[in-house]
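A.B. asks: Please find one structure pasted underneath; my questions will follow.
The values are calculated or read from the model by the stated rules, or taken from the named source; none is laboratory data. The model shown is predicted, which means the values in this text are computed figures rather than measured ones. Every residue, glycine as well, gets a Cβ built from its backbone with ideal geometry; the counts of neighbours run over all protein chains shown. Heads up: the accessible areas ignore ligands, DNA and RNA and are worked out on the full protein's heavy atoms, side chains in. Shrake-Rupley method; radii C 1.70, N 1.55, O 1.52, S 1.80 Å.
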Amino acid sequence: MSRIVFVLFAAILTDALTAGQVNVEPNTALLNEGDRTELLCRYGRTINYCRIEIPGEQKVLNLSPEWSKTPGFTYYGAGLQAGQCGVTIERVKASNNGQVKCSLGVEGEELSGTIDLVVALRPQQPIIELLSKPNREGYFAEGTQFMARCSVRDGRPPANISWYIDNMPANKQTTPLEIISTPTNDNVELSTSVQQIQWHLSPEDSNRKLVCRSHHQTDRETVPPQEAAYIINVRYAPVHQSEAAVYGLYLDHTAIVNITIRASPLPRIEWTIEGLVVSQGRTEGRYSAYEPQYLGNDEYNVTLAIAGLTLEDTTKIYNLRATNELGLTDYQVRISSSSKPPSNSLDVAAIVGIVVAVAVLVLVVLLVLFARATGRWCFGGKSIKTPTNETDGQNDKQLELGGQHGQNVALLETPNGITLLGASKLREANGNGNGNGNGTPQERLSVERRPHNDEDDSFEYATDRESSVYNPTTRPLRSVLMSQAGGRNSRSSASSEVEPLNTENSDLLQKCNQLGIPESRFSRWLPKDKLELLEKQAMLLSGRGKAMNAAAPPPATPPKPQKKVLATPTETTATTTTTTTMATPKLPQETEI
């Protein structure tokens, strides 16, 4: 509650103070002669009248929104009821410079306010005054402390000063800007701006232009800033420079050796070649020294002529001595018949060549990496390709089984891997006794297992494991007889004496193909409701095929070349000589139930 009371009290006090004083806009008006301006005095309540006094005007202006009696001056504001009293000046004159006073009548009393009206007056031309004096010829000696002062008089408001050397900022030591006010006869105050600059002179300062430039309110695009200038002349000894070299001279011709030096005043020249001294304007033997030629800006061209230039001349060092009244300087000059000096840095062509070579190298590396990753071009024969269909897998298994001495083999696939079985193991797996005729079981040829993981492969077998069973009796017999039953590969044996078990398996696989069971690289998981039906259909078709084969005479088998297999002495149970074909068996594609 106390806070609310305090806020209300502050607002009432603020209104009272605002109502008790006159506010002005602007506080100071800076104008050029001839400009148009609006000046306003405000009060928080209704006013009865509005009077304004302007310097340079003979009478007081009594202004109102309803009338305008003085040309060039009109009422400005929202009206007397709004407590506003203002004036519009169409063209400001230089005599209007000063304080504008506004008087407002409020409830039997008069309140007033003032506005500073500054009418800018362009100052006079800047003046440069030398505080350090040159010699009688107007020259400064090298190392002299140069001091100058720039003054810009009678400006309103005061002018600013900036220093330049040859149109560039001087960047030298300067004193703070000093403003000096000067009253005039008509009681108008004008201002003068003063600033100093100083530094030690060097040969580089000779023949340079020092500029003092003023900046003022009255500057316009059509009226540039005013300035003053002074040319600095410096006397100094010949300027030292590093060893000079002249290239492009022709052997057996007169060689002209030109050197440019800086000096003020004019230097005298003397050449020394291996003890031989040649002064300017003289000739000694094959050497001639010329008078220095002025080039401007304290620069001189010095020339030495060598008649009949020899290769030995290019190995000599030519000493040049330049002397004037302020000192002497020695120079060393070398000459060469080369067309251009050796470069310490690479030229543009070399840089471009390096960039192109690097780009080509990067491109070659990228192409090699791409070819190696994709198995292209020279890497095509070294790439290892994984079989992507049944034929590729079959070819790989044929290569694996090619060295098994012509034995009939089969593959037994389970969800855990693939097992290669010999002929005896094949019969033993199907419940038909031991592996071979002598009762000695053969070992498994090889085992290849797929990597075990916990992922469900029911999608791969197109069934649901939970609702299906694996049929262990319907093994994919990958023997030569199976390839003959599938009709995709040539038979590996043409013998008419075939074991009944292999014949039954062949017939069974043929009938299974007739049932429309697709071939696959993987073991099948058969649904429970279809397992019994498929087994019965396979047995029926197998029995029907047996009856037809018994009724029909066996087809004549053309004789094929056979080789005798000689029995070893250790074989005691051999009653007949077994004739087999030594052809390498080819592994057929898988047919599974």
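A.B. asks: I need every pair where a residue in the range 257-283 that is farther than 21 Å from residue 298 by Cβ has its Cβ under 6 Å from the Cβ of a residue that is among the polar types (S, T, N, Q), sequence separation at least 6 or different chains.
C.D. replies: 272/319
A.B. asks: Of the residues that sit in the range 307-320 and are polar (S, T, N, Q) and closer than 10 Å to residue 336 by Cα, which one is surrounded by the most Cβ atoms within 10 Å (Cβ to Cβ)?
C.D. replies: Filtering the range 307-320 down to residues polar (S, T, N, Q) leaves 310, 314-315, 319.
From what is left, the residues that are closer than 10 Å to residue 336 by Cα are 314-315.
Values: 314: 17, 315: 10.
The selected residue is 314.
A.B. asks: So residue 213 fits all but one of (1) under 45 Å from the mean Cα position of the chain (by Cα); (2) of a type in the set (Lys, Arg); (3) more than 19 Å from residue 129 (Cα to Cα); what number is the exception?
C.D. replies: Among (1) under 45 Å from the mean Cα position of the chain (by Cα); (2) of a type in the set (Lys, Arg); (3) more than 19 Å from residue 129 (Cα to Cα), residue 213 violates only (3).
A.B. asks: Pull up the range 131-145, narrow it to residues that are surrounded by fewer than 21 Cβ atoms within 10 Å (Cβ to Cβ) and either part of a strand (DSSP E or B) or among the hydrophobic types (A, V, I, L, M, F, W, C) (or both), then point me to the one that is nearest to the chain's Cα centre (by Cα). So that I can check it myself, show each step before the final result.
C.D. replies: Of the residues in the range 131-145, the ones surrounded by fewer than 21 Cβ atoms within 10 Å (Cβ to Cβ) are 131-139, 141-145.
Going one step further and asking which of them are either part of a strand (DSSP E or B) or among the hydrophobic types (A, V, I, L, M, F, W, C) (or both), we end up with 131, 141, 145.
Details: 131: 56, 141: 54, 145: 51 Å.
Applying the filter and picking the extreme gives 145.
A.B. asks: In addition: Taking the stated definitions as given, is residue 182 surrounded by fewer than 17 Cβ atoms within 10 Å (Cβ to Cβ) and more than 30 Å from residue 71 (Cα to Cα)?
C.D. replies: Values: surrounded by fewer than 17 Cβ atoms within 10 Å (Cβ to Cβ): yes; more than 30 Å from residue 71 (Cα to Cα): yes.
When the stated conditions are applied, residue 182 passes them.
A.B. asks: Here's something else I'd like to know. Have a look at 114, 175 and point out the one that is modelled with pLDDT of 95 or more and farther than 17 Å from residue 227 by Cβ. So that I can check it myself, show each step before the final result.
C.D. replies: Working: 114 fails: modelled with pLDDT of 95 or more.
From the options 114, 175, the qualifying one is 175.
A.B. asks: Please work out which one of (1) in a loop (DSSP other than H, G, I, E, B); (2) open to solvent by 60 Å² or more (accessible area, probe 1.4 Å); (3) in contact with a Lys or Arg (Cβ under 6 Å, 6 or more places away or on another chain) is the condition residue 221 fails and give its number.
C.D. replies: The failed condition is (3).
A.B. asks: So if I check each of 345, 337, which one is assigned to a loop (DSSP other than H, G, I, E, B), surrounded by 13 or more Cβ atoms within 10 Å (Cβ to Cβ) and modelled with pLDDT under 95?
C.D. replies: Details: 345 fails: surrounded by 13 or more Cβ atoms within 10 Å (Cβ to Cβ).
After ruling out the rest, the residue left standing is 337.
A.B. asks: Can I ask one more? Check the range 296-310 and report whether any residue there is of a type in the set (Gly, Ala, Ser), within 30 Å of residue 140 (Cβ to Cβ) and touching a residue at least 60 places away in the same chain (Cβ under 8 Å). Give the steps one after another, and end with the answer.
C.D. replies: From the range 296-310, those of a type in the set (Gly, Ala, Ser) are 296, 305, 307-308; that's our starting set.
Narrowing further to those that are within 30 Å of residue 140 (Cβ to Cβ): 296.
Next, only the ones that are touching a residue at least 60 places away in the same chain (Cβ under 8 Å) stay: none.
Within the range 296-310, none of the residues are of a type in the set (Gly, Ala, Ser), within 30 Å of residue 140 (Cβ to Cβ) and touching a residue at least 60 places away in the same chain (Cβ under 8 Å).
A.B. asks: Another one. (1) in contact with a Phe, Trp or Tyr (Cβ under 8 Å, 6 or more places away or on another chain); (2) of a type in the set (A, V, I, L, M); (3) outside any loop (DSSP other than H, G, I, E, B); (4) open to solvent by 70 Å² or more (accessible area, probe 1.4 Å): which one isn't true of residue 231, the others all being true?
C.D. replies: Residue 231 satisfies all of (1) in contact with a Phe, Trp or Tyr (Cβ under 8 Å, 6 or more places away or on another chain); (2) of a type in the set (A, V, I, L, M); (3) outside any loop (DSSP other than H, G, I, E, B); (4) open to solvent by 70 Å² or more (accessible area, probe 1.4 Å) except (1).
A.B. asks: Report whether or not residue 364 is open to solvent by less than 60 Å² (accessible area, probe 1.4 Å), modelled with pLDDT of 90 or more and either over 57 Å from the mean Cα position of the chain (by Cα) or not hydroxyl-bearing (Ser, Thr, Tyr) (or both).
C.D. replies: Details: open to solvent by less than 60 Å² (accessible area, probe 1.4 Å): no; modelled with pLDDT of 90 or more: yes; either over 57 Å from the mean Cα position of the chain (by Cα) or not hydroxyl-bearing (Ser, Thr, Tyr) (or both): yes.
Spelling it out, it is not the case that residue 364 is open to solvent by less than 60 Å² (accessible area, probe 1.4 Å), modelled with pLDDT of 90 or more and either over 57 Å from the mean Cα position of the chain (by Cα) or not hydroxyl-bearing (Ser, Thr, Tyr) (or both).
A.B. asks: Select from the range 82-93 the residues that are more than 18 Å from residue 155 (Cα to Cα) and open to solvent by less than 30 Å² (accessible area, probe 1.4 Å) and list them in ascending order.
C.D. replies: Just the residues of the range 82-93 that are more than 18 Å from residue 155 (Cα to Cα), to begin with: 82-91.
Selection gives 83, 85, 86, 87, 88, 89.
A.B. asks: Are any of the residues in the range 27-40 of a type outside the set (Gly, Ala, Ser), open to solvent by 90 Å² or more (accessible area, probe 1.4 Å) and at pLDDT 90 or above?
C.D. replies: Keep residues of the range 27-40 that are of a type outside the set (Gly, Ala, Ser), which gives 27-28, 30-33, 35-40.
Now narrow it down to the ones that are open to solvent by 90 Å² or more (accessible area, probe 1.4 Å): 27, 33, 36.
With at pLDDT 90 or above added as a condition, the list becomes 27, 36.
Yes, the range 27-40 has at least one match.
Listed here are the residues, each with its yes/no results for (1) open to solvent by 40 Å² or more (accessible area, probe 1.4 Å); (2) within 60 Å of the chain's Cα centre (by Cα); (3) within 30 Å of residue 210 (Cα to Cα).
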{"site": "63", "(1), (2), (3)": "no, no, no"}
{"site": "69", "(1), (2), (3)": "yes, no, no"}
{"site": "73", "(1), (2), (3)": "no, no, no"}
{"site": "80", "(1), (2), (3)": "no, no, no"}
{"site": "95", "(1), (2), (3)": "yes, no, no"}
{"site": "129", "(1), (2), (3)": "yes, yes, yes"}
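A.B. asks: Same structure again: Of the conditions (1) open to solvent by less than 20 Å² (accessible area, probe 1.4 Å); (2) closer than 17 Å to residue 294 by Cα, residue 211 fails just one. Which one is it?
C.D. replies: The single condition residue 211 does not satisfy is (2).
A.B. asks: Open to solvent by 20 Å² or more (accessible area, probe 1.4 Å), in a strand (DSSP E or B) and at pLDDT 95 or above: is that true of residue 323 in this structure? Spell out the reasoning first.
C.D. replies: Working: open to solvent by 20 Å² or more (accessible area, probe 1.4 Å): yes; in a strand (DSSP E or B): yes; at pLDDT 95 or above: yes.
Answer is yes for this residue.
A.B. asks: When you go through 253, 240 one by one, which is the residue that is within 48 Å of the chain's Cα centre (by Cα) and either in contact (Cβ under 8 Å) with a residue 60 or more places away in the chain or surrounded by 12 or more Cβ atoms within 10 Å (Cβ to Cβ) (or both)? Can you show your working first?
C.D. replies: On the way: 253 fails: within 48 Å of the chain's Cα centre (by Cα).
240 is the lone residue from the list that is within 48 Å of the chain's Cα centre (by Cα) and either in contact (Cβ under 8 Å) with a residue 60 or more places away in the chain or surrounded by 12 or more Cβ atoms within 10 Å (Cβ to Cβ) (or both).
A.B. asks: If I ask for residues that are in a strand (DSSP E or B) and either open to solvent by 80 Å² or more (accessible area, probe 1.4 Å) or farther than 18 Å from residue 74 by Cα (or both), which ones from the range 41-50 would you list? Quick ask: steps written out before the conclusion?
C.D. replies: Within the range 41-50, the subset in a strand (DSSP E or B) is 41-42, 49-50.
Residue satisfying the conditions is 42 alone.
A.B. asks: If you scan the range 142-200, which residues turn out to be over 30 Å from residue 265 (Cβ atoms), among the hydrophobic types (A, V, I, L, M, F, W, C) and free of Cβ contacts under 8 Å to residues at least 40 places away in the same chain? Please lay out each step first, then the result.
C.D. replies: Start the filter on the range 142-200 by keeping residues that are over 30 Å from residue 265 (Cβ atoms), which leaves 151-162, 169, 174-195.
Checking the rest, the ones that are also among the hydrophobic types (A, V, I, L, M, F, W, C) come to 152, 159, 161, 177, 179-180, 188, 190, 194.
Matches in the range 142-200: 177, 179, 180.
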